[in-house]
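To keep things clear, I will list the structure first and then write my remarks on it.
The values are calculated or read from the model by the stated rules, or taken from the named source; none is laboratory data. Since the model is a prediction, treat every value here as computed from it, not as a measurement. When we count neighbours, we look across all protein chains shown, and the Cβ atoms used for this are built from the backbone with ideal geometry, even at glycine. For the accessible areas, the whole protein counts, side chains as well, though only heavy atoms, and no ligand, DNA or RNA atoms are used. Shrake-Rupley method; radii C 1.70, N 1.55, O 1.52, S 1.80 Å.
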Amino acid sequence: MEQELIRRAVPPLLAWYRVCKRDLPWRHDRTPYTALVAELMLQQTRVEAVRERYVQFLDRFPTAQSLAAASEDEVLKLWEGLGYYSRARNLHRAAKAIAEHGFPATFEGVRALPGVGDYTAGAVCSIALGIPSPAVDGNVLRILSRLYADGRCVDEPSIRSEYAALLKEVYPAETADFCEALMELGAIVCLPNGAPSCEKCPWQTLCLAHQNGEEERYPVRAEKRARKIVEATVLVLRCKDRYAIEQRPEGGLLAKLWQFPFFEGAAPDYGAPLAEKRAKHVFTHVEWHMTGKLIEVDEELPAYIWATAQEIRARYALPSAFRAFAAWLK
Ligand code: ADE
Ligand code: SF4
């Protein structure tokens, strides 16, 4: 790809970012550890959903040492509702490594931390360590495919590395600003789903897609594979003021998080439900189509842990897949 275009695009992008960037909590008092927390939370989760949770998380775990000393259950509880819980487990493991050996000082060292891929390593190194290292996420794929009117499919892994190589050549000394400016342009100006706000864009006079009036033709994406649909029954079993919960298995979806008794297909018959409702939860590759039943039982079945609503809220990480049924807890 032609390098001159991206080279000319750097100065106006930096100038725009300094004036227009959002005030986000992870942009204050940054350390390598807080940058790592932010980037892991922001993987596949919207900025608005992360904002408050990031502040809560760092209130409780301000340093890698404090996080390393916590139990996994507590870390998962603080991650409740954010989804993709393997991120929390990896962050916990990364904190233990950092507490022991210090924060890595090289790209390779950061990349070797649990849960850290090329994107996260690039972002943390650029943002917190001053190491010029491209971080190509969905936002960056979108803005560069539009800047270049690149009609190739951005889901091809080679495109990501090509864009990374292109950026590496022009990385300015302001590594943090540049890295975040690229993401920011995709997040607030060069928007997905519908028309981008080209009238506000620092690349308006450079962008080839805009010159052709074809912004919405890019990025070209691969067709998504259909998700598998799983029918399930969720029982909210109540005995006096306690409810049955169980821990999900060690591997697989929502590993080791807590749930109400959950059955693929139909559930055993514990009596007529007091209430029933349907709820759906969409994961990356699977959809759960659930029927929830609230059932009063006479004794605490020993297969489950029994806890009050208050205990469940305080101590057990209950994924948002079950939120509709948790509304029955009193
Ligand atoms: N998305 C991923 N990383 C981000 C960051 N540092 N700022 C804003 N949005 C982001
Ligand atoms: Fe995106 Fe429009 Fe800017 Fe091009 S001019 S980068 S399409 S917002």
Exercise for the section: Would you check the chain for Lys pairs whose C-alpha atoms are within less than 21 Å, ignoring same-chain pairs closer than 8 in sequence, and give me the count? Expected result: 14
Exercise for the section: Classify the chain as rounded, prolate or oblate from the Cα gyration tensor: take a ≥ b ≥ c as the square roots of its eigenvalues, call it rounded if a/c is under 1.5, otherwise prolate when a/b beats b/c and oblate if not. Expected result: prolate
Fill in the blank from the handout: The helix 175-188 Cα axis meets the longest alpha-carbon principal axis of the chain at an angle in degrees, between 0 and 90 and rounded to 10, of 70
Exercise for the section: Take the alpha-carbon centre of region 103-173, take the same for region 263-330, and report the distance between them in whole Å. Expected result: 41
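Per the helix-only calculation at 222 nm, which mean residue ellipticity applies to the chain, given -39500 (n - 2.57) for every DSSP H run of n ≥ 4 and division by its residues, nearest 500 deg cm²/dmol?
Details: 14 runs with 141 residues, N = 330.
Using -39500 (n - 2.57) per qualifying helix, the result is -12500 deg cm²/dmol.
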Problem - Average Cα contact separation per residue, the chain, under 8 Å, 6 or more apart, as relative contact order % - result: 16
Exercise for the section: Give me the percent of the accessible area of region 19-127 that comes from carbon and sulfur atoms, probe 1.4 Å, all protein chains in place. Expected result: 51
Problem - Principal-axis tilt of helix 32-42 within the chain, Cα atoms, nearest 10 degrees - result: 70
Completion exercise
To the nearest 10 degrees, the tilt of helix 138-147 (Cα long axis) against the first principal axis of the alpha carbons of the chain is 30
Handout entry: Of the GluC sites (Glu not before Pro) in region 1-53, those whose Cβ has at most 15 other Cβ within 10 Å and which sit in DSSP loop
Key = Glu2
Problem - Selected from Ala35, Ala181, Ala307 as most flexible by GNM, with the chain as the system and alpha-carbon contacts under 10 Å - result: Ala307
Exercise for the section: Calculate, for region 228-326, the solvent-accessible area per residue in square angstrom, rolling a 1.4 angstrom probe over the heavy atoms of the protein chains. Expected result: 52
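On average, how much accessible surface per residue is there in region 178-220, in Å², for a 1.4 Å probe, leaving out ligands, DNA and RNA?
46
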Practice task
Just add up the charged neighbours of Ala68: K/R +1, D/E -1, any other residue whose Cβ is under 14 Å from the Cβ of Ala68.
Solution key: +1
